[in-house]
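J.: One structure is given below, represented as structure tokens, and several questions about it will come after.
Derivation of every value follows stated rules applied to the coordinates shown; laboratory data play no part. As the structure is a prediction and not an experimental result, all values here were calculated from the model. Please note: Cβ atoms are built from the backbone with ideal geometry, for glycine as well, and neighbour counts cover all protein chains shown.
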Amino acid sequence: MDIHWAALGGVFGVSLGITLLTVVLFSLGVAAQPRGDGGGHGGEHARGANLTATAAALLCFGACLAVAVYGLTLIIGG
């Protein structure tokens, strides 16, 4: 039995990179979410910032969901 070390290293590198990317995206989403709740009074500018923070959080969570669904489709093979 022969082990193809280059292929094993490539799979490890891609897996590590995607895992780190997903963790960073989720962390950014969690950090942006409280800013989008609109906990203060501040007029039109604050509402725009709250909307931007909420959109950023949803975008980060959506990207994490897309990575998870893509991984599941690779595993299931549908």
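J.: Going by average Cβ density within 10 Å per residue, which order do the peptides 61-72, 5-16 take, highest to lowest?
T.: So the order, starting with the most tightly packed, is 61-72, 5-16.
J.: Compute the distance in nm between two label points, each set 7 Å from the Cα along the Cα-to-Cβ direction, one at ALA49 and one at ALA63.
T.: Each label point lies 7 Å from its Cα, and together they span 2.3 nm.
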